[in-house]
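K.L.:
The following block contains the structure, expressed as structure tokens.
The values are calculated or read from the model by the stated rules, or taken from the named source; none is laboratory data. Quick caveat, the model's predicted, so the values are computed rather than measured. Here the Cβ is made from the backbone with ideal geometry for all residues, glycine too, and neighbour counts use every protein chain on show. Quick note on the areas: whole protein, heavy atoms, side chains included, nothing else; ligands and nucleic acids left out. Shrake-Rupley method; radii C 1.70, N 1.55, O 1.52, S 1.80 Å.
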Amino acid sequence: QVQLVESGGGLVQPGESLTLSCVTSGFTFSSYVMAWYRQAPGKERELVATITTTSDNSNYADSVKGRFAIGRDNAKNTMYLQMNSLKSEDAAVYYCNRRYGPWPWGQGTQVTVSS
């Protein structure tokens, strides 16, 4: 069974940093372009960042370019999201998943950014 377990969320103040982790199992992690998504209350889930299978390329939403960095460790079936200079607008539940044809969603990890 596919499992996507996000962690690392928490409460931070604007301008601070946070690193999220996603431990996966139940599929061949190294075969897929992966992504981080986020969803704020009352809003649609949005794509935040993507990373290719070998980490040779990544893509970011305009809203996070220059502040976030996506990474992956295929040996550990794990991916990461380094979030710097956090803003109130970044507050959301963050999810990891495949970029193309997502698996069922995990529980996500809550990122709260105080004003």
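K.L.:
Counting only protein heavy atoms and a 1.4 Å probe, tell me what percentage of segment 1-90's accessible area is made up of carbon and sulfur.
P.N.:
Answer for segment 1-90: carbon and sulfur cover 45 percent of the accessible area.
K.L.:
Right, another one. For T112 and T54, what is the calculated FRET efficiency with R₀ set at 35 Å and r taken between the beta-carbons, to the nearest 0.05?
P.N.:
0.60
K.L.:
Which FRET efficiency, nearest 0.05, do A75 and W105 yield, Cβ-Cβ r, R0 22 Å?
P.N.:
0.35
K.L.:
Can you give the convex hull volume of the alpha carbon atoms of the chain per residue, in Å³? Before the final figure, lay out the partial values.
P.N.:
Numbers: hull volume 10.6 nm³, N = 115.
Spelled out: Cα convex hull of the chain, divided by residues, is 93 Å³.
K.L.:
Please give every one of the aspartates and glutamates within straight-line cross-link reach of K43, meaning a C-alpha to C-alpha distance under 16 Å, and leave out same-chain neighbours fewer than 8 residues apart.
P.N.:
Partners within reach: E89, D90.
K.L.:
Give me the one-decimal nm value for the distance between modelled label points at Q1 and N84, 7 Å along each residue's Cα-to-Cβ direction.
P.N.:
Taking the two extended label points, one gets 3.9 nm.
K.L.:
I've got another one for you. How large is the charge dipole for the chain, taken about the Cα centre, if only the Cβ atoms of Lys, Arg (+1) and Asp, Glu (-1) carry charge, to the nearest 20 debye?
P.N.:
140
K.L.:
I'd like the GluC sites (Glu not before Pro) in segment 14-115 restricted to DSSP loop residues with at most 16 other Cβ atoms within 10 Å, sorted by number.
P.N.:
Working: sites: E16, E44, E46, E89; in loops: E16, E44.
Passing sites in segment 14-115 are E16, E44.
K.L.:
So for segment 44-94, taking the charge dipole from beta-carbon charges (+1 Lys/Arg, -1 Asp/Glu), which of S88, G66, T54 sits furthest toward the positive end?
P.N.:
Farthest towards the positive end: T54.
K.L.:
Let me ask another. Within segment 5-65, list the chymotrypsin sites (Phe, Trp or Tyr not before Pro) lying in a DSSP loop whose Cβ has at most 16 other Cβ atoms in a 10 Å radius.
P.N.:
Details: sites: F27, F29, Y32, W36, Y37, Y60; in loops: F27, Y32.
Here the chymotrypsin sites (Phe, Trp or Tyr not before Pro) that fit, given the DSSP loop and packing criteria, are F27.
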